[in-house]
Amino acid sequence: MGTELEFLRQFEIFSKASDSLLSRLATRATTRKYGSNHLVVRQGEKPDYVYFIRSGCVKVIDTHSWILYV
């Protein structure tokens, strides 16, 4: 669980959160892996999750209706 807490604490929103809160969040988190050019979310759609990128890169395309690819 330690590495999950360290990962979450990197983000400013969680930087001052207690270990107890981060532990609860980490137990609810799911790691997902996406291949190249996988469409994750499109502007205007309500996402089911919040995404934090552990490794790799993300391409955001803004063409009036942006698309987020991993």
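Laboratory data are not the source of any read-out in this text; all were calculated from the coordinates shown. Everything numeric here is computed off the predicted structure, so don't read it as measured data. Counting neighbours? That spans all protein chains shown, and the Cβs are built from the backbone with ideal geometry, glycine included.
Descriptive notes on the structure:
- Segment 1-26 versus segment 27-54: alpha-carbon centroid distance in Å: 19 Å
- With Cα atoms, 0 to 90° folded angle of helix 19-28 axis to the chain main axis: 40 degrees
- Of (1) 32, 26, 18; (2) 41, 22, 19; (3) 57, 44, 19, the label for Cα extents along the principal axes in Å derived from the coordinates: (2)
- Amide H to amide H, with H built 1.01 Å from N, residue 41 comes under 5 Å of 68, counting only residues 5 or more places away or on other chains.
- You can think of it this way: the chain between residue 9 and residue 36 has 7.0 nm of extra reach, that is 0.36 nm per residue less the Cα-Cα gap.
- Simple spin-label estimate for residue 43 and residue 29 gives 2.9 nm between the two label positions (7 Å along the Cα-to-Cβ direction from each Cα).
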